[in-house]
Amino acid sequence: SPGTYTVSKNTTLQELYETVGGFLDTADQSSIILQREKLKDREKEIAKKARQDILDTLVSSLSNVSTTDPPQIDSSLLAFYQETSNIDFFGRYSGDISNNSNAANNLIIEDGDYIFVPPKRNSISVIGQVQNQITVLYDETLDVKDYISYSGGYSEFADKKGIYIVSSNGLSRYASRKFFSNDEFFLSPGDTIVIPREFGKVKGVALASIAVSTLSNLAIAAASLNSISR
């Protein structure tokens, strides 16, 4: 029974599940999304500070040039700053919050919480620094390298050593060499393969490396959530 509910104070997520009548057989309990306003506000604050740090770096690059050289701003860093101006902030609580899980039994519902239970999926998404970001049917015979190939391969700024996998429950893990094999333990339906940006190729990034990484992670999290929501 989907809808908007008013619950008593100290109601747990598990109690809410029972109130709404439980899950349909088609529900993907491993992909439940719990969005919380408090987490969303924190993400906004972190992103605001990170963007300011990047802006300070860009301004500093203009003030530190010699009088004989025209001022220059690294185009890649500027493009990244502009690209991250409209990040969707979801405030997701990541982890296993399936029926009767430890988290569901202990997590107290807060005012404004939004819970989305998607249907079961059989797909893999590839996002980040690839030629074409895609979502395709999961095939147990394919590995990470195959899915990246389907996306058209790496783009210019791809960090090939920093690839990681975002599970449908929001948790992530790095794709070490063993990920590039036909092992269902490492790739499962609903996974998102993330190819991050190689920030070492951007001039002046040392001054804003934490800020760039922070904004990049927020943008990737939003992209993976959009994939699940669709």
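The values are calculated or read from the model by the stated rules, or taken from the named source; none is laboratory data. All values reported here derive from a predicted model rather than from experimental measurement. Positions of Cβ are backbone-derived with ideal geometry, glycine not excepted, and every protein chain shown enters the neighbour counts. Each accessible area value is taken on the protein alone, full model and side chains, heavy atoms only, with ligands, DNA and RNA left out. Shrake-Rupley method; radii C 1.70, N 1.55, O 1.52, S 1.80 Å.
Listed by position, the strands (runs of 3 or more DSSP E) enclosed by segment 112-160 that each have at least 2 residues that are free of Cβ contacts under 8 Å to residues at least 40 places away in the same chain are 134-137. In segment 51-78, the residue that is surrounded by the most Cβ atoms within 10 Å (Cβ to Cβ) out of those that are at pLDDT 75 or above and touching a Phe, Trp or Tyr at 6+ places or on another chain (Cβ under 8 Å) is Ile54. Checking each residue in segment 7-18 for being open to solvent by less than 80 Å² (accessible area, probe 1.4 Å) and assigned to a helix (DSSP H, G or I) picks out Leu13, Gln14, Leu16, Tyr17. Among the residues making up segment 25-45, those that are assigned to a loop (DSSP other than H, G, I, E, B) and either touching a residue at least 40 places away in the same chain (Cβ under 8 Å) or within 21 Å of Ser224 (Cα to Cα) (or both) are Thr26, Asp28, Ile32, Arg36. Being within 20 Å of Ala221 (Cβ to Cβ), crowded, with 17+ Cβ neighbours inside 10 Å, out of contact with any strand residue (DSSP E or B) (no Cβ under 7 Å at 6 or more places or on another chain) and of a type in the set (Lys, Arg) is a condition met by at least one residue of segment 113-124. Out of all the residues in segment 146-163, which are loosely packed, with under 14 Cβ neighbours inside 10 Å and either within 19 Å of the chain's Cα centre (by Cα) or within 11 Å of Ile193 (Cα to Cα) (or both)? Result: Lys160, Lys161.
On the given criteria, is Ser94 under 21 Å from Ala222 (Cα atoms), under 19 Å from the mean Cα position of the chain (by Cα) and surrounded by fewer than 18 Cβ atoms within 10 Å (Cβ to Cβ)? Yes; evaluated as a whole, the condition is true for this residue.
Does Lys48 satisfy being surrounded by fewer than 17 Cβ atoms within 10 Å (Cβ to Cβ), assigned to a helix (DSSP H, G or I), touching a residue at least 12 places away in the same chain (Cβ under 8 Å) and under 26 Å from the mean Cα position of the chain (by Cα)? So Lys48 does not fit the description; no.
Restricted to segment 97-112, and to residues that are of a type in the set (Val, Ile, Thr) and more than 13 Å from Gln29 (Cα to Cα), which residue is most open to solvent (accessible area, probe 1.4 Å)? Among residues in segment 97-112 that are of a type in the set (Val, Ile, Thr) and more than 13 Å from Gln29 (Cα to Cα), the one most open to solvent (accessible area, probe 1.4 Å) is Ile108.
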